[in-house]
Amino acid sequence: MVIFGLANCCYASDMRDVTLRQLAFLAETVRTGSLSGAAAQLHLTGPAIAQQLRQLQQTVQLPLLERGPGGQRPTEAGRVLLDTYTRLTAELASCEEELDGLRAARSGRVTAGAVSTAKYFAPHILAAYQRAHPGVRISLKIGNRDEVLSQLETYAVDLAIMGRPPGELDVEQHVFGEHPYVIVAAPAHPLVGISRVPFEQIAAESLLVRELGSGTRQHLDALFERTDLQPSISMEITSNETIKQAVIAGLGIALISAHTIAAEIHDGRLAVLDVQGLPIQRHWLVVRMARRAITPATRALWEYICRDGAGQLPRLPELS
């Protein structure tokens, strides 16, 4: 005997009308064997349960329950719905576990950006963070300053490491370390070992410079703007690594972040010139768009960089 009769329906079945509440009522009715039993367990009335099951049956357009010796039991269509409900509740439980992980920063995804000068230590920061958050997936995008600012503005990265405040964007930023710039030369260069080299002598040297749009180039341009001197640029190069190799080869001198040259100074392949007015003392910043909602995983990385990022910076040569 079918518990509900089927009225003549003039519309097609649409499973989007089925609710989890209706499926839960069906499951409880089958479990307890009766509408009254389901109502008691769910703290509802029998008519309220019956109304929801009637609507569910009208949506499915098939009988869902039949009376047996032990009470109400599912028809074949009812079993299909109960199997679906079991899978849905399992998926929802799994979803809740994932959301718990996201809330606790145990999982999720973070995309970090870094200016090219920061590539010498940014991977170490991310590796240390990931050791503490192994379930978080991290991506790193490297570019010059203009490229990283574009990535921040378009939300291509969640946060970025850079050396100069992005005044053109509405950002939240935090200083996490010192960032000196120095002028380097090949060890055999005649200015190596001379104390307090006048900046006029630097202006007369062949300068190897980064491309327009890079933070290093902006620092160099600002340095010359404070004087009446013009730089003698012999070559524009888009890579710190290539600049270092060109300096080592004797093609010129270069202004460069001290955090990019620790290995070469240690090995005696580069030398820092003692120039009046240098080093330029700047800072490392972690930056994110102020108006963008921050995920727990991104916040945990932000807090790690603010707290411990300085400890991941390369050890510097002795600077004046």
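The values are calculated or read from the model by the stated rules, or taken from the named source; none is laboratory data. Source: prediction; values computed, not measured. Positions of Cβ are generated from backbone atoms using ideal geometry, with glycine treated the same way; all protein chains shown enter the neighbour counts.
Table: residues versus (1) at pLDDT 90 or above; (2) closer than 30 Å to F224 by Cα; (3) under 27 Å from the mean Cα position of the chain (by Cα); (4) assigned by TED's automatic domain parsing to the domain that holds P187.
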{"site": "Q276", "(1), (2), (3), (4)": "yes, yes, no, yes"}
{"site": "V287", "(1), (2), (3), (4)": "yes, yes, yes, no"}
{"site": "A290", "(1), (2), (3), (4)": "yes, no, yes, no"}
{"site": "T295", "(1), (2), (3), (4)": "no, no, yes, no"}
{"site": "Y304", "(1), (2), (3), (4)": "yes, no, yes, no"}
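For region 222-253, a residue qualifies if it is among the acidic types (D, E) and surrounded by 13 or more Cβ atoms within 10 Å (Cβ to Cβ), and exactly one does: E236. Every listed requirement among (1) over 30 Å from Y304 (Cα atoms); (2) touching a Phe, Trp or Tyr at 6+ places or on another chain (Cβ under 6 Å); (3) at pLDDT 95 or above is met by P231 save one, (3).
Taking the criterion of being hydrophobic (A, V, I, L, M, F, W, C) and farther than 30 Å from A293 by Cα, would at least one residue in region 85-99 satisfy it? Within region 85-99, none of the residues are hydrophobic (A, V, I, L, M, F, W, C) and farther than 30 Å from A293 by Cα. Residues that are crowded, with 17+ Cβ neighbours inside 10 Å and part of a strand (DSSP E or B) within region 283-308 comprise W284, L285, V286, V287, R288, M289, listed in sequence order. Please verify whether T89 is part of a helix (DSSP H, G or I), of a type in the set (V, I, T), at pLDDT below 90 and out of contact with any Lys or Arg (no Cβ under 7 Å at 6 or more places or on another chain), treating the condition exactly as stated. For T89, the condition - part of a helix (DSSP H, G or I), of a type in the set (V, I, T), at pLDDT below 90 and out of contact with any Lys or Arg (no Cβ under 7 Å at 6 or more places or on another chain) - is met.
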